[in-house]
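The values are calculated or read from the model by the stated rules, or taken from the named source; none is laboratory data. All figures in this text were calculated on a predicted structure; none of them were measured in a lab. Here the Cβ is made from the backbone with ideal geometry for all residues, glycine too, and neighbour counts use every protein chain on show. Accessible surface areas use protein heavy atoms only, side chains included; no ligands, DNA or RNA. Shrake-Rupley method; radii C 1.70, N 1.55, O 1.52, S 1.80 Å.
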Amino acid sequence: MSSSELKAKTVKERAGQALNNDFLRNAVKFTTERLRLGKKLASEEHGNWDVWRERGRQIRLHTIAHLDYYLNEFAEQARANGAHVHFAETAEEAVAISLQITEHKSAKSVVKSKSMVSEELHLNKALDSIGVEAVETDLGEYIIQLADETPSHIIIPAIHKNRYQIAELLSAEAGETLPPDTTILAGFVRMKLREKFLEADIGMTGCNFAIAETGSMVLFENEGNARMVTTVPKTQITLMGMERIIPSWADLEVMATLLPRSATGQKLTVYMSGISGPKREADADGPDEMHIIIIDNGRSLQLGDPEFQELLNCIRCGACLNACPVYRHIGGHAYGGTYSGPIGAVLTPALNKNVAEWDDIANASSLCGACYEACPVKIPLHDMLVSLRRRKIEAGRGDKLEAMGMKGFAAVMGNAKRYRSAIKLGKWGQKLVVRGGEIRTRIGPLKGWNSYRVTPSLPKQSFRDRWPEVAQEIHSTSGPMNPEIAARLKERLLAAEFRKGEKAYDKRN
Amino acid sequence: MTSETDHNWLNRLEEQSRLKQEQFMDGIAAKLGRDRIRTAPEHPFRGAPDFWKEFEWPLEQRITQFTANFEAAGGHVVRLSNREAVSQFIRDKAVEMSAATILRQQEEALSCLRLEESLLEAQVLSWNDEADTDWRAVAARADFGIVMADYATAYTGSIVVKSAPNKGRSVSLLPTVLVAVIPVDRMVTRLGEILVQFDQAGREQLPAGIHFISGPSRSADIENDLTIGVHGPGIVYALLVDSYEN
């Protein structure tokens, strides 16, 4: 991360920086658009998408509701496969275990495939501190590692770099000038990383899914680097969030249907690998020793919280990023955490135990609900963002000026007579500032709003004035409320009631 | 580090891990507001939706769909009538591409192609047929890797390979070109038809590595520009064979 990025403390400041970077804005827009369209086509072609989403949601809900059983089963079965299983409550513990293994193996280098958990742990820095070289081998991750930056998109980590910047970074590594040609650049990386794979003492991966019944872990990828990392080095370490579990291989079919389509619009990633323990005695490849580190790091805080437990259902596809109008404008770095986009806006404060304190990240959303629509396991992210904001206010960390304004708003809106007088006053007063039907001045109460937008002038005939005829029209055309919406509203209401009663347990299970 | 201290060290780690495991599970149960669950809960939503489990294409359509999907992903599909045709195809391809080293799985179904004898232009090696060889390194320098597919799925256009002492994971990964021989009777419609077999077989029957391969290695990490062959094979041939048995 560059020093100016480090200085930016709030989402607003970081977003400001992102908005001033034309390339970043266009690249993010183009990429998210490509992925979003790919997902749309793939899910439509597959058909019955909502039935699959619902099935995915049910499998995740069921697993999380019985997580103690399934996680325990996974650990036992993985041990029976010959893997060494470890548990880490915090990032520090996970790092300590990883370093212990690395030191015990006298390892000089670690090759890594993409793992968001490892980003949570800042593991590369820790390995570096004991003199071990950690090499990211996913093409995009390798690029941003050379640039000393963090991923800005969960699926396309180097979304914010153009090929001229990439050519410069790789040229420095190659010791010769490489042209900004994708094929040549990728060819150099293939050659360079081939050496790294063959030399490395340890291979390190994340884990997309862990199958409880057989103790297997499953990886989805397109490049083949995760296969390299799990096939070539003598020791393998898998970093796994404690919620990655699914019960069976049969359930994997549902996840394999949802994940690649939602992430990139593919029917399946080029490689889907199920790894069950280290190499068998007589095998001639695969790791001799396999370690699985199961990590909590704030995840279990969501258990039993009716508003946030469903966060653990997330399968890390990135579809909510691509669907989010805010992410598309400001890119991933503006969120300031490991995870960006709508999922990051909720997950970052949730994992950090400070739902109420996290700066202004929950405000980086327009609450339009596109994230929920995009989510393959139907996590109600927009509802969670509202809950986050509410908890922030409840904890007394709201914006004082906003609170004052809202009080004034309530005073005016709560009384029809006052409202009428205010509007009359406004219609008269706006004559001083309206230019071509718009108000652009940034004075008085309009300062905040008009810094980013334009206020339309008050119309001669307001909605309120037209209400009698509108009401007539609605009464003659409206039917009963869509039952799905009604059920959802009722469910939220129940959950809120339930929360008041404390000792939470997700009623929907 | 001697193996003895290694052993002690791993034992010590396991002891720690088991203690922690209990704390972990107790903590989860407490947060969920109930006692620990120690027997398998009923899982009413296991696997794909019911309508999907009945979905199946006839063979010819499976072949058409597999071909369309695999080619869309950048792979090549060739339909061949029998074993002789497979042997001929590989020989021609190897000569055409000037392959110097060819590594195949050590399987009867591949040794009977007799590539060792008929392909004099290249060195043909059989995976793990002697100890004291670094087979990973052999795979890394091979031009062609030749495997038998254990299964294939039409709906996703995937080849499935399972590891074994005579079937290296590296053979389908490290060479520049991958050639997978798929007898058409190993082709099913859906992923689920194969996945449930792993459930039915049970943990003890599973190999260390099960790999679904759906085309050449690819990346779009540089400016969304599709690049083929980033780490794994950039050229992949799926040879669909009508009658592979003699």
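Contact residues in the range A:219-264 by the 40 Å² criterion (accessible area, 1.4 Å probe, full protein complex versus chain alone): A:223, A:227, A:228, A:231, A:232, A:249, A:250, A:253. Taken per residue, the accessible surface of the protein assembly as shown reaches 43 Å², heavy atoms only and a 1.4 Å probe.
Here residue A:172 and residue A:418 are evaluated by their C-beta separation; at R0 = 41 Å the FRET efficiency comes out at 0.05.
A dipole drawn for chain B from +1 and -1 charges on Cβ atoms has a positive end, and of B:230, B:151, B:23 the residue lying farthest that way is B:23. Just so you know, the Cα atoms of the range A:1-135 work out to an Rg and Dmax of 21.2, 54 Å.
Segment residue A:461..residue A:282, full-extension length gain: 56.1 nm, with 0.36 nm per residue of separation and the alpha-carbon distance subtracted.
When its C-alpha radius of gyration is set against 2.2 N^0.38 Å (N residues), the range B:50-243 gives a value of 1.02. GNM remark for chain B: springs join alpha carbons under 10 Å apart, and the peak mean-square fluctuation among B:205, B:105, B:61 falls on B:205.
Placing +1 on the Cβ of every Lys and Arg and -1 on the Cβ of every Asp and Glu, with no other charges, gives the protein assembly as shown a dipole of roughly 5020 debye about its Cα centre.
Projecting label points 7 angstrom from Cα along Cα→Cβ for residue B:6 and residue B:84 puts them 5.1 nm apart. Relative to the longest principal Cα axis of chain B, at what angle does helix B:59-72 sit, 0 to 90 degrees, rounded to 10? It works out to around 90 degrees.
Averaged over the residues of peptide A:27-38, the number of Cβ atoms from other protein chains lying within 10 Å of each residue's Cβ is 1. Taking the Kirkwood radius as Rh and the Cα radius of gyration as Rg, the range B:1-41 has a ratio of Rg/Rh equal to 1.26. With a/c under 1.5 counting as rounded, go ahead and sort chain A into rounded, prolate or oblate using the C-alpha gyration tensor (a ≥ b ≥ c being the square roots of the eigenvalues; past the cut-off, prolate if a/b is larger than b/c, else oblate). Note, shape of chain A comes out prolate. Ligands, DNA and RNA excluded, the heavy atoms of residue A:130 present near 60 Å² of accessible surface to a 1.4 Å solvent probe.
Taking every Cα-Cα distance in the range A:48-297 and sorting them into 5 Å bins starting at zero, the pair-distance distribution P(r) comes out as 1, 6, 13, 17, 19, 17, 13, 8, 4, 2, 0, 0 percent. The mean number of Cβ atoms from other chains found within 10 Å of a Cβ in peptide A:332-338 is 0, as a whole number. Legend: calculated FRET efficiency, residue A:489 to residue B:30, from the Cβ-Cβ distance at R0 = 45 Å, rounded to 0.05, equals 0.90.
Note on the protein assembly as shown: antiparallel DSSP beta bridges, both residues inside, total approximately 35 percent of the bridges counted.
Chain A and chain B together bury an accessible surface of about 8800 square angstrom, both sides counted, with a 1.4 Å probe and no ligands or nucleic acids included. Exposed loop sites are taken as GluC sites (Glu not before Pro) in a DSSP loop (any state but H, G, I, E or B) with at most 10 other beta carbon atoms within 10 Å; the longest stretch of chain B without one runs B:131-244. Dipole of the protein assembly as shown computed with +1 at Lys/Arg Cβ and -1 at Asp/Glu Cβ about the Cα centre; of B:243, A:80, B:110, farthest Cα towards the positive end is A:80. Largest accessible area first, the listed residues A:196, A:125 line up as A:125, A:196 when surface is computed with a 1.4 Å probe on the assembled protein chains. Using C-alpha pairs under 8 Å with a sequence gap of at least 6, the mean separation divided by the residue count of the range A:265-392 gives a relative contact order of 22 percent.
If you count Lys pairs in chain B whose Cα atoms are under 26 Å apart, skipping same-chain pairs closer than 8 places in sequence, the total is 4.
Using the Cβ-Cβ distance between residue A:92 and residue A:148 with R0 = 22 Å, the FRET efficiency computed as 1/(1 + (r/R0)^6) comes to roughly 0.45. Counting only DSSP beta bridges whose two residues both lie in the range B:50-243, roughly 25 percent are antiparallel.
Among B:144, B:89, B:55, the largest mean-square fluctuation in a Gaussian network model of chain B, built with springs joining Cα atoms closer than 10 Å, belongs to B:55. Measuring from each cysteine beta-carbon in the protein assembly as shown, the ones with no other cysteine beta-carbon under 4.7 angstrom are A:207, A:314, A:317, A:324, A:368, A:375, B:112. Relative to the current alpha-carbon distance between residue A:26 and residue A:473, full extension at 0.36 nm per residue lengthens the span by 156.6 nm.
For the protein assembly as shown, carbon and sulfur atoms together expose 53% of the accessible surface, with a 1.4 angstrom probe and every protein chain in place.
Here each label is just a point 7 Å from Cα along the line to Cβ, and for residue B:243 and residue B:205 those points are 2.9 nm apart. Residues of the range B:213-246 with an amide N closer than 19 Å to a point placed 7 Å from the Cα of residue B:68 along the Cα-to-Cβ direction: B:214-215, B:238, B:240.
A cut-off of 5 Å between modelled amide H atoms, ignoring neighbours fewer than 5 places along the same chain, links residue B:80 with B:240, B:241, B:242. Based on C-alpha pairs under 8 angstrom that are at least 6 apart in sequence, the range B:10-124 has a relative contact order of 16 percent. Where in the range A:90-129 does accessible area fall by at least 30 Å² between the isolated chain and the complete protein assembly, at a 1.4 Å probe radius? Residues meeting the cut-off: A:100, A:104. In percent, rounded to a whole number, the relative contact order of chain A is 19, using alpha-carbon pairs under 8 Å and six or more apart.
Take residue A:384: with every protein chain present and a 1.4 Å probe, its accessible area is about 0 Å². For the range A:48-297, a simple Cβ point-charge model (Lys and Arg +1, Asp and Glu -1, everything else neutral) yields a dipole of about 680 debye relative to the Cα centre. When the surface is traced with a 1.4 Å probe over the full set of protein chains, residue A:155 keeps roughly 40 Å² accessible.
Summary: within chain A, the longest segment free of GluC sites (Glu not before Pro) located in DSSP loops with at most 14 other C-beta atoms within 10 Å is A:1-175.
Springs between Cα atoms under 10 Å define the GNM used for chain B, and in it the highest mean-square fluctuation of B:44, B:58, B:183 occurs at B:44. In the range B:1-120 the Cα-Cα distances spread across 10 Å bins starting at 0 as 9, 17, 17, 13, 22, 19, 4, 0 percent of all pairs.
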